[in-house]
Amino acid sequence: MQSASTDPARALRTPRAAGIAGVLFALLLATAFVLVRISVPEDPASAAEWLADEDHRDALKTALGLVPFAGVFFLWFMGAVRDYIGHGGEDRFFDTLFLGSGLLCLAMLFALAVGIDGLTGGGGVSPPTGEQESWELGRHLSLSLLADYAMRMAAVFTVCTTVIGSRIGAFPRWLNWLGAGAGLVLMFLVSSIAWSELVFPAWVLAVSGYVLWSSVRRSRGRSRTDRTTAAT
């Protein structure tokens with residue numbers, strides 16, 4: 001939990017850092033997810049047509065290039081939010097789940113990027129149109145990492161963040177309900193409903209927006225208090 005002796009300037013910068021990093025992560029990750037979904041066909045029989053289309057491979061290469069930057073901002077977001085809502089203190093169970101699920105989610109996203117790299121032929125080399133079995137393996141690996149593994153870890157991260165934030169009163173009630181709903185969708189529905197993985201960057205964007213808004217409001221309140229004190 002946050003200590004009462006925390007330096008005010010540092011306490012103010014940390015929430016803003018969490019908000020900015022979260023917004024950037026959410027936008028980059030959502031863009032990567034959209035590019036993957038619109039580029040990879042649902043029907044495996046469309047492999048030959050996909051392999052012959054340069055636009056599909058270019059879209060996936062763009063998604064591949066966004067993932068490392070999204071990962072950097074997610075680490076920043078994790079660290080800043082952990083400082084903002086507290087270290088868990090006596091609640092080490094959720095603190096451990098918060099860190100473990102966040103890092104595993106990030107590892108799965110990087111593994112997803114490797115799978116995407118395999119779909120594009122690796123390093124920009126177009127895969128031969130005859131290797132449809134290899135393409136299908138890469139496609140299955142990428143979608144499985146996205147829906148079955150990365151988003152399940154994202155569900156645990158979402159729920160743990162929501163529980164810790166709720167217990168210390170860092171989040172409003174609507175954000176707690178949003179986190180609980182997002183966690184349920186990511187845990188149980190993401191593998192059966194296409195595009196539902198976008199719930200995760202949407203939740204991060206909501207948390208980041210609230211953190212930025214509360215930081216600005218606190219800054220304005222502190223400025224008014226300082227002016228009042230100076231005037232008296």
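Taken together, the values in this text are just the output of simple stated rules run on the coordinates, not laboratory data. The structure presented is a predicted model; accordingly, all values stated were derived computationally and were not measured. Neighbour counts are summed over all protein chains in view; Cβ atoms, including those assigned to glycine, are modelled from backbone coordinates with ideal geometry.
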Which value in nm describes the separation of the simple spin-label points at H140 and V34, placed 7 Å from the Cα toward the beta carbon?
3.1 nm
Need one number: nm distance between label points at W213 and I193, each 7 Å from Cα along Cα→Cβ, rounded to one decimal.
2.3 nm
